[in-house]
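Any read-out appearing in this document is the output of simple, stated calculations on the displayed coordinates, not a laboratory observation. If you're wondering where the values come from, they're calculated on a predicted model, not measured in any experiment. Methodologically, a virtual Cβ is constructed for each residue, glycine included, from the backbone with ideal geometry; neighbour enumeration extends over all protein chains shown.
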Amino acid sequence: MWAKDALASISDLLFFPVVVGLLGVVAWTAIATGLFLRSLIGRWRGARPARDRYRASIDASLTGDPHADELAVEEVVARAEMDAARSLNAIRFAIRVGPSLGLMGTLIPMATALSGLASGDLQLLAANMVIAFSSTVVGLGVGVVAYLVAMVRESWARADLDAVRFHAERALRREEDA
């Protein structure tokens, strides 16, 4: 009996942080979606700042010493890959955490709803069921939006990294031919 009460108390204590976390992930996803749309418009206009920034870094790292140039270019390409992975990790976080918080936000009020059902309190049951299903919908919505954003951003990152790698190869060949 005490274990059941302890778990129920812990579950009840988690509800507020779960709701705050879910709202935070919703806000973060809204901001990320806005930034994504801004990037999308920029890419439609031909702007690819990450690719251009790393190309400029490659060009600036060339000194004329083939061995040093190769190492410097590899460092720039590795930094581009790390930065791309880091930017994608943030959106992948929302893909996983949004639905998880939504599920937690569903299950916690379900215990109260079932207690209301057992005691015949239909208003308590209904109120908690609304919270439970709303949490599920919001969590899944965050996951879907974050997944769509991540899918497109991953393809952009791959294309930009390919362009940076090709530029690196061309730059090193120019240095060898010079």
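A search for C-beta distances below 9 Å between a residue of the range 27-56 that is free of Cβ contacts under 8 Å to residues at least 60 places away in the same chain and any residue that is surrounded by 10 or more Cβ atoms within 10 Å (Cβ to Cβ) and among the basic types (Lys, Arg), counting only pairs 6+ apart in sequence or on different chains, returns 42/48. Selection of the range 142-165 for residues being without any contact (Cβ under 8 Å) to a residue 60 or more places away in the chain and either buried (at least 20 other Cβ atoms within 10 Å of the Cβ) or farther than 30 Å from residue 76 by Cα (or both) yields 143, 144.
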